[in-house]
Protein chains: 2
Amino acid sequence: MIRTPYLLFLGDAPDPLAAKVAQGIRDWRPENALGQFRMAGCKADLRLPDMTLTEARDAGARTLVVGVANRGGVISPAWKKVLVAALEEGFDLASGLHNLLRDEPDLAAVAAACGRQLHDVRVPTVAYPIANGVKRSGKRCLAVGTDCSVGKMYTALAMDREMQARGMKATFRPTGQTGILITGDGVPLDAVVADFMAGAVEWLTPDNDPDHWDLIEGQGSLFHPSYSGVTLALIHGGQPDALILSHEPTRAHMRGLPHFALPPLEALRDLSLAMARMVNPAVQVVGISINTAAMGEDEALAHLESVERQMGLPTVDPFRQGAGRLVDALAAL
Amino acid sequence: MIRTPYLLFLGDAPDPLAAKVAQGIRDWRPENALGQFRMAGCKADLRLPDMTLTEARDAGARTLVVGVANRGGVISPAWKKVLVAALEEGFDLASGLHNLLRDEPDLAAVAAACGRQLHDVRVPTVAYPIANGVKRSGKRCLAVGTDCSVGKMYTALAMDREMQARGMKATFRPTGQTGILITGDGVPLDAVVADFMAGAVEWLTPDNDPDHWDLIEGQGSLFHPSYSGVTLALIHGGQPDALILSHEPTRAHMRGLPHFALPPLEALRDLSLAMARMVNPAVQVVGISINTAAMGEDEALAHLESVERQMGLPTVDPFRQGAGRLVDALAAL
């Protein structure tokens, strides 16, 4: 569990996109984002208060979160200076970078000397169990995609926000680095050892109140040969009651695989249902989430209407329209 | 790669079943099994020459393989004495135990001092790539099961033996501890990190001659919620041309899951084909392997005949009947 609230480290971000982890935290957990720390040359700006380490500490920040992708896969000397100072100031550090904080001898030494924590959220820290498939109480919703990176995390977070606003019982359950940094906890599923994947998802979504919904962050796709095993572990460990189909309609081929076409939504629906029924015969597909970012407004709305007619399910782009209709569908289950 | 041939360490095996790894090596790679090393009280006997370390070394053995399950999850002082002496005598050590050789400080120190290798085959030693799904040359066969532990490894090894005898080009590709110890190489798939599972299978079964068959050791089951993700990674990484359906007809429920029934063979066929077609549209189910160990001869033969009629596919128990008909079906593809 990462201590909140955060000071978001944007470093010397070469462009706004490099700070998308920090942006995710600001967008989805603004109460966790006290301020931003920018270095000379930083091209990202989250429009949060710019704070020194001391100011942020005095305002109550507990963890400095590396909310930016680094260049060249190394933690630069310029970054180091800030990170070391933050540890000395009393901050924990959290990062989803490939190159781990703990592998930097100076950071590890200073953290140990100051009694501070280094959170590398790419690395599992829990000894997850083997999945047992036993029926759990509470309800679970999972977004499954025709491909990787089609908006599954965004969909779950938007549904979570809507459900909180309605006073429904709901918890977003992160399974990837960005999601874990947003909420401060979760399972880095792509880094879990094969035998324990489904068990890690069971661990993440335990028994709960009958009217409580876990909104599980989806990963990969049953149709994406590089990561399909991770997706199946999510379905079989997650024991979903409700599935959302996620799709990006303008993509020419599966992500990273120019020789693989995306499947039709009908195929995604049928295969996901067949897999999910093995662990929960009552599972239903309740709606469709389409990422229309690459379309103009008219084209997007026409496309959503057309998919809704074709599939007979509530179909929205939660970014354009909010997740209200998806939550209506959950509530009606 | 583990150096062969082996001296098989049976330790103080409490019964013959405890030495089943050693038995697998003796049965499937007799040329690797020079002799056995038994301690006082050993209740297993592979009917191999009993050898001292010196005798085995003089006969050419290069590695002492721990071919026995240990009691209580610890490497006992009595075992240690033999393992240390073996390192000093010039043997490498290989083991599939959960408690790793490398985690024993004395073994690690002696191995380093003697320049010997400790092979813990439960631990991946290769940085596997992410799978790319690109079509590979050569042919691949994979056994898929209605459950875990229904005879998939045995089926692949029996087909390998038959194909070698016929002069066909074939390689058994291990994906589990026992298989790796039998052949000296392979991928411990259940211990690979989630994102790299399918890539590890691609790595294990690279481009090959057009008439060469990789016989990939199956794992888990698409229907077993604890391990289904591993199975799907095998299918999507393995890119099989041929599937064999494996089943154990007397099992009352899925292994370790008393509340899950085994699926019918038709469901296994249809789901496995749907998954495998994503990476190889030409894939076919060529035969069925039934483990009839729990049946008498008449009952077993009647059952095999009945399944063959029901499914319209060559159906054998390779232990009773050999794998000839399965290999015929491969050769006819």
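Which one of B:GLY256, B:GLY238, B:GLY287 is within 24 Å of the chain's Cα centre (by Cα) and at pLDDT below 95?
Within the list B:GLY256, B:GLY238, B:GLY287, the selection yields B:GLY256.
Which helices (runs of 4 or more DSSP H) sit wholly inside the stretch B:222-326 and have at least 3 residues that are more than 12 Å from chain A (Cβ to nearest Cβ) and closer than 30 Å to A:HIS224 by Cβ?
Answer list for the stretch B:222-326: B:265-277.
For A:THR175, state whether it is crowded, with 24+ Cβ neighbours inside 10 Å and hydroxyl-bearing (Ser, Thr, Tyr). Give the derivation first.
Numbers: crowded, with 24+ Cβ neighbours inside 10 Å: yes; hydroxyl-bearing (Ser, Thr, Tyr): yes.
So A:THR175 passes the test.
Tally the residues that are under 19 Å from the mean Cα position of the chain (by Cα) and away from chain A (no Cβ under 13 Å), restricting the search to the stretch B:122-138. Reasoning before the result, please.
Of all residues in the stretch B:122-138, those under 19 Å from the mean Cα position of the chain (by Cα) come to B:122-126.
Now restrict to residues that are away from chain A (no Cβ under 13 Å): B:125-126.
So the answer is 2.
Could you run through the stretch A:156-213 and say how many residues are assigned to a helix (DSSP H, G or I), touching an Asp or Glu at 6+ places or on another chain (Cβ under 6 Å) and away from every other protein chain (no Cβ under 14 Å)? First the steps, then the outcome.
Residues of the stretch A:156-213 assigned to a helix (DSSP H, G or I): A:156-165, A:177-183, A:189-191, A:194-204.
Subset that is touching an Asp or Glu at 6+ places or on another chain (Cβ under 6 Å): A:156, A:179, A:190, A:194-195.
Filter again for away from every other protein chain (no Cβ under 14 Å), leaving A:156, A:179.
Residues flagged as assigned to a helix (DSSP H, G or I), touching an Asp or Glu at 6+ places or on another chain (Cβ under 6 Å) and away from every other protein chain (no Cβ under 14 Å) within the stretch A:156-213 amount to 2.
So for the stretch A:279-294 (the condition being under 19 Å from A:LEU243 (Cα atoms), exposed (fewer than 15 other Cβ atoms within 10 Å of the Cβ) and free of Cβ contacts under 8 Å to residues at least 40 places away in the same chain), does at least one residue qualify?
For the stretch A:279-294, residues under 19 Å from A:LEU243 (Cα atoms), exposed (fewer than 15 other Cβ atoms within 10 Å of the Cβ) and free of Cβ contacts under 8 Å to residues at least 40 places away in the same chain: present.
If only one of A:ALA94, A:ALA108 is within 18 Å of A:ILE2 (Cα to Cα), touching a residue at least 24 places away in the same chain (Cβ under 8 Å) and aliphatic (A, V, I, L, M), which one is it?
A:ALA94
Quick test of your reading of the structure: B:GLY11 fulfils all but one of (1) at negative phi; (2) in contact with a helix residue (DSSP H, G or I) (Cβ under 9 Å, 6 or more places away or on another chain); (3) of a type in the set (Gly, Ala, Ser). Name the failing condition by number.
That leaves (1) as the condition not met.
Just to be sure before I move on: is B:THR250 at pLDDT 95 or above, more than 30 Å from A:HIS253 (Cα to Cα) and among the polar types (S, T, N, Q) in the structure I sent?
Yes: the conditions hold for B:THR250.
In the stretch A:197-222, which residues are aromatic (Phe, Trp, Tyr) and either at pLDDT below 95 or buried (at least 24 other Cβ atoms within 10 Å of the Cβ) (or both)?
A:TRP213
Given the condition assigned to a strand (DSSP E or B), over 17 Å from the mean Cα position of the chain (by Cα) and either aliphatic (A, V, I, L, M) or buried (at least 23 other Cβ atoms within 10 Å of the Cβ) (or both), answer yes or no: does some residue in the stretch B:27-35 qualify?
yes
With the checklist (1) farther than 26 Å from B:VAL192 by Cα; (2) within 14 Å of chain A (Cβ to nearest Cβ); (3) of a type in the set (S, T, N, Q) in hand, flag the one item B:THR146 doesn't pass.
Among (1) farther than 26 Å from B:VAL192 by Cα; (2) within 14 Å of chain A (Cβ to nearest Cβ); (3) of a type in the set (S, T, N, Q), the lone unmet condition for B:THR146 is (1).
The values are calculated or read from the model by the stated rules, or taken from the named source; none is laboratory data. In this text the structure is predicted, and so the values were computed from the model without any measurement. With ideal geometry, Cβ positions are generated from the backbone for all residues, glycine too; neighbour counts draw on all protein chains shown.
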